[in-house]
Amino acid sequence: MASSIARVAGLAAAIGLAGTAAFQLLLALGVPWGRAAWGGAHNRLPAALRVASALSAGVLLIAAFVVLGRAGYWGGSAGLFRWGTWALVGLLAFSALGNFASSSRWEKFLLGPVAISVSLLCLIVALDRS
């Protein structure tokens, strides 16, 4: 069982990942928030980016499942949860860099901080020795 700090961090990370997945799903459905994603070049995303957003939503939900597993919310492959959480630390940090480098103000000032925050929460979960 993970420590209480890791469990809280895991739940917070999963909420951040699920919230970002919901945002991506709404983009895939055509909500006109495209200026906040994928470089901010489109108000409504074109078909290819809608598909990418839908896929991103699925990956983000899987990521939330992995982090919650590592934080001890359910059983499963301990190795998958451990290595998956470490992968998320790096992938989310890399995502944050892309968001901070974007020409979209929304990506710079909202999605970048969310990505780095969730990356740090995943780091807390990944470092837990419980």
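The values are calculated or read from the model by the stated rules, or taken from the named source; none is laboratory data. Treat the numbers as computed from the prediction; the structure is a model and nothing was measured. Note that we place each Cβ from the backbone using ideal geometry, even for glycine, and neighbour counts take in every protein chain shown. We work out accessible area using only protein heavy atoms, side chains counted, and drop any ligands, DNA or RNA first. Shrake-Rupley method; radii C 1.70, N 1.55, O 1.52, S 1.80 Å.
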Which pairs have Cβ atoms under 6 Å, sit 6 or more apart or on different chains, and link a residue in the stretch 60-77 that is among the charged types (D, E, K, R) and in a helix (DSSP H, G or I) to one that is modelled with pLDDT of 95 or more and surrounded by 18 or more Cβ atoms within 10 Å (Cβ to Cβ)? ARG70/PHE81; ARG70/THR85; ARG70/VAL125
For the stretch 61-84, what are the residues that are open to solvent by 30 Å² or more (accessible area, probe 1.4 Å) and closer than 17 Å to PHE23 by Cβ? LEU61, ILE62
Are any of the residues in the stretch 34-57 in a loop (DSSP other than H, G, I, E, B), touching a residue at least 12 places away in the same chain (Cβ under 8 Å), farther than 23 Å from SER119 by Cβ and touching a Phe, Trp or Tyr at 6+ places or on another chain (Cβ under 9 Å)? yes
Here the residues within the stretch 82-125 that are more than 15 Å from the chain's Cα centre (by Cα) and either under 13 Å from ALA63 (Cα atoms) or not hydrophobic (A, V, I, L, M, F, W, C) (or both) are ARG82, TRP83, SER102, SER103, SER104, ARG105, LYS108
Return the residues of the stretch 1-36 that are crowded, with 17+ Cβ neighbours inside 10 Å and β-branched (Val, Ile, Thr); say none if nothing qualifies. THR20
Go through the stretch 85-122 and report how many residues are free of Cβ contacts under 8 Å to residues at least 40 places away in the same chain, closer than 20 Å to ALA71 by Cα and surrounded by fewer than 19 Cβ atoms within 10 Å (Cβ to Cβ). 6
